[in-house]
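As structure tokens, the structure follows; a few thoughts come after it.
The values are calculated or read from the model by the stated rules, or taken from the named source; none is laboratory data. Keep in mind that what you see is a predicted model, and the values were worked out from it rather than measured. Methodologically, a virtual Cβ is constructed for each residue, glycine included, from the backbone with ideal geometry; neighbour enumeration extends over all protein chains shown. SASA here: full protein model, heavy atoms, side chains in, ligands and nucleic acids out. Shrake-Rupley method; radii C 1.70, N 1.55, O 1.52, S 1.80 Å.
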Amino acid sequence: MRKNGVGGGAAAPHRPHFSGLFLCKHEVPEGNILMTNQEIAQIFYELADMLEVKGENRFRINAYRKAADQIASHPRSIADVAAEEKLQDIPGIGKGIAGSITEILETGQLDDHRKLRQEIPAGVTTLLSIPDVGPKTAKLIWESLGLKTIDEVEFAAQTGQLQKLKGLGPKTEQNILAGIERLRARQAEPTRVLLGDALPLAERLLAYLREHPAVQRADAAGSLRRRTSTVGDIDLLAASDDPRSVTDFFVELPEVGRVHIHGDTKATVISHTGLQVDLYVLSPEQYGSLLQHFTGSKQHNIEFREIALAQGLSFSEHGFKREDGSLITCETEEAVYGTLGLPWIPPEIREAQGEFATARDGRLPQLIEVSDVRGDLQMHSTWSDGRAELGEMARAARDKGYAYIAITDHSQGLGIVQGLTPERVREQRAEIDQLNVELAPFRVLAGIEVEIRVDGSLALPNDVLEALDIVLASVHSGMRQDRETMTHRVVTAMHHPHVDIIAHPTGRLINQRERLNLNFDAVLQAAQETGAILEINASAERLDLDGEHARAAIEAGVLLSLGTDAHSVGGLDAMPLGVAMARRGWAEAKHVINTRPLDDVLELLNRTD
Ligand code: DGT
Ligand code: CA
Ligand code: CA
Ligand code: ZN
């Protein structure tokens, strides 16, 4: 269970504009309590917001945000790093910011921040968290109408006062009202952290635990083990005959920012990145039932217990209890399910979506594994908005053991991103051909992520697309179309003869942007008609398709592809997240095209010449 306000600080580090939303109040810690990295970062985020409202130098503002990102996501305590005088080793932290951090650590606050706060009320910077309200608008509303809170702005908008301001107008006023509504809806739900942010932390903590001499086994449980796109907290389990020594060790780990509960078999802490971590320790004989219980989902466990009760057994994390009160303990999860006559059910499908009936019938899917994936079918290079050169990306992918990749830089037509023109597509092709000579038998497919324009046409001419090995099409612009228009737009692109894959089909950005207004059934139908493939985009903030949509696609007989959408070499590491979504969608290897050998993929794409 999530405790008070936890996770509130877990605003993902590279989304600074969100910080104001989740961490409006910064409370100066009392006494000797060390500040968490998240709390220190928050001061810099707010400072940046206030400077932005004031219209200060953008470089300075960006420098603070960058530093705040680094601080918030730093795995070790910034206070410890400061004590070692190593602050300036952190990228983005120079002498000035290091000095500010020291000031915060010594006094609990930052003088520059405090002075600005006297000038600009806290409410004004929270206005920035309204979608469609930037610093200029926030400043205008505050200075001309004296409005300081979201409630006041809402009232002003409802009573038509905003549209009278210079440069705003009725349309902006409506957008602001709608934005406030969306903001409220988002705030009503507790912040959930991206799976991609939580997993590395969980893995680091597990690595420590597994090294502890009294720990026999340690695993993640909860939503993290089920690989939901976001997690509320991290649940860790350990098997040990000396649980107290394990919780003692755990609360002292360098990732731990604060300790909420420290008991004999349980500990709850807040990490420096602001995420709650629960640890449960039981003896090795009970480990299987512990794992099953704390993996969930809650609904899966409810169905599980009903099945147990029907067999005269009541189940808890300690094991099964017979009606006569005697206990059946289970060392493994296989034994837990086995006791009820069931095969082991993979955690990713423990969502009470028919897994028990399927398991009983012996028809559980053989879920796809990371090792089944032979190539990565979406990535970018410096030819568009990637940060690594094409050759670097290709070599890094080859070194990961892939047999092939697709380079899919953005086409022109996105507005902001520098996309490829027909001319540059041809230039890039020459570089890809050269690489294929050097790297054979590894193969770089010449691809593109072509923009689907508002009317459903593509942002590159047919002859350019035809000459490529693989064409991904996707929506990045004009995203607010109504359902009918948007559905028509995507379906039209799917019918285009050269489109192979629709990338990140539902368009969500987790915690940032809702899905496209799309009739997904119509998309599935178009995929059936055209053979278009739907992508599972593995990048942590997309995870699109997610498990639910992937399952619907598979049930409709639609094929899937996996791509990391990497914009850097590090981005290639996201593949397991995509595989996790596929597994949550009950996908087997055969449902995902890039588990196939290259020749089969090319044949499927009709590109065998
Ligand atoms: P989250 O943290 O919101 O992403 O989702 P979970 O599923 O990790 O939920 P959490 O952390 O509250 O609990 C972890 C698991 O422990 C949950 O999936 C099932 C089990 N569990 C927790 N509380 C209960 C409960 O009251 N009843 C049952 N049957 N299981 C529970
Ligand atoms: Ca928990
Ligand atoms: Ca959890
Ligand atoms: Zn894209």
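Compute the whole-percent fraction of alpha carbon pairs in segment 124-188 spaced more than 16 Å apart. Kindly include the intermediate steps, with their values, before the conclusion.
Values: 699 of 2080 pairs.
So the pairs more than 16 Å apart make up 34 percent of the total in segment 124-188.
What is the dipole size for the chain, taken about its Cα centre, with +1 at each Lys and Arg Cβ and -1 at each Asp and Glu Cβ, in debye to the nearest 20? Let's see the in-between values first.
On the way: 64 positive and 89 negative charges, 281 e Å.
In total the dipole reaches around 1340 debye.
In deg cm²/dmol and to the nearest 500, what is the mean residue ellipticity at 222 nm of the chain if only DSSP H runs of at least 4 residues count, each as -39500 (n - 2.57), divided by the residue total?
For the chain, the value works out to -12500 deg cm²/dmol.
In nm, to one decimal, how far is the modelled label at residue 352 from the one at residue 310, with both set 7 Å along Cα→Cβ?
1.5 nm
Past the 29 Å Cα-Cα mark, which pairs from 66/148; 148/171; 298/321; 86/136; 115/136? Don't skip to the answer; put the middle values down first.
Working: 66/148 27 Å; 148/171 22 Å; 298/321 20 Å; 86/136 37 Å; 115/136 21 Å.
Check vs 29 Å cut-off fails for 86/136.
Take every DSSP beta bridge with both residues inside the chain and express the antiparallel ones as a percent of the total, to the nearest 5. Please list the in-between numbers first.
Values: 27 of 56 bridges.
Bridges in the chain that DSSP calls antiparallel: roughly 50 percent.
Just the number please: accessible area per residue for the chain, 1.4 Å probe, all protein chains included, in Å². Write out the running numbers ahead of the final one.
Details: 26100 Å² over 609 residues.
That works out to 43 Å² for each residue.
What does the charge count near residue 569 come to, summing +1 for each Lys or Arg and -1 for each Asp or Glu among other residues with Cβ under 13 Å from its Cβ? Present the calculation step by step, with values, prior to reporting the outcome.
Numbers: positive: 387, 395, 398, 400; negative: 376, 389, 392, 399, 573.
Result for the local shell: -1.
Report the net charge of residues surrounding residue 379, where surrounding means a beta-carbon distance below 10 angstrom and charges are Lys +1, Arg +1, Asp -1, Glu -1.
-4
Using a 1.4 angstrom probe on heavy atoms only, work out the carbon and sulfur share of the accessible area of segment 428-503 in %. Don't skip to the answer; put the middle values down first.
Working: 1610 of 3040 Å².
Reported share for carbon and sulfur atoms: 53 percent.
What residue among 59, 391, 223 has its Cα farthest toward the positive end of the dipole of the chain, where the charges are +1 on Lys, Arg and -1 on Asp, Glu, each on the Cβ?
Working it through, the farthest residue towards the positive pole turns out to be 59.
Which net charge results for the neighbourhood of residue 334, defined as the other residues with beta-carbon distances under 15 angstrom from its beta-carbon, given Lys and Arg at +1 and Asp and Glu at -1?
Charge balance in the 15 Å sphere: -2.
For residue 400, give me every one of the aspartates and glutamates with a C-alpha distance below 12 angstrom, ignoring sequence neighbours fewer than eight places off in its own chain.
Qualifying aspartates and glutamates at Cα under 12 Å: 376, 573.
Applying a 10 Å radius around every beta-carbon, put 332-342, 524-534 in order of their mean neighbour count, most first.
On the way: 332-342: 17.2, 524-534: 19.0.
Going by the mean number of other Cβ atoms within 10 Å, highest first, we get 524-534, 332-342.
Quick check for me: using +1 on Lys/Arg Cβ and -1 on Asp/Glu Cβ, what's the dipole size of segment 124-188 about its Cα centre, in debye to the nearest 20? All intermediate terms of the calculation are to be shown ahead of the outcome.
Working: 9 positive and 7 negative charges, 37 e Å.
The calculation lands at about 180 debye.
Return the carbon/sulfur percentage of the accessible area of segment 233-307, one whole number, probe 1.4 Å, all protein chains in place. Walk me through the numbers before you get to the answer.
Working: 1250 of 2390 Å².
Using a 1.4 Å probe with all protein chains present, segment 233-307 comes out at 52 percent carbon and sulfur.
Taking the Cα centre of each part, how many Å lie between segment 70-88 and segment 554-609?
Their Cα centres are 39 Å away from one another.
Going toward the positive end of the dipole of the chain, with +1 on Lys and Arg Cβ and -1 on Asp and Glu Cβ, which of 239, 365, 91 do you reach last?
Comparing the listed Cα positions along the dipole, 91 ranks first.
Name the long-range amide H neighbours of residue 588: under 5 Å, sequence gap of 5 or more, or other chain; modelled H, no Pro or chain starts.
Close amide H contacts, sequence-distant or interchain: 368.
I'd like to know which of 288, 460, 472 lies farthest towards the positive end of the charge dipole of the chain, counting +1 on Cβ of Lys and Arg and -1 on Cβ of Asp and Glu.
In the chain, that residue is 460.
Of all the stretches in the chain, which is the longest one without any exposed loop site, taking trypsin sites (Lys or Arg not before Pro) in a DSSP loop (any state but H, G, I, E, B) with at most 10 other Cβ atoms within 10 Å?
Here the longest run is 167-362.
Hey, how many Å between the Cα centroid of segment 161-195 and the Cα centroid of segment 324-367?
A separation of 45 Å, based on Cα centres.
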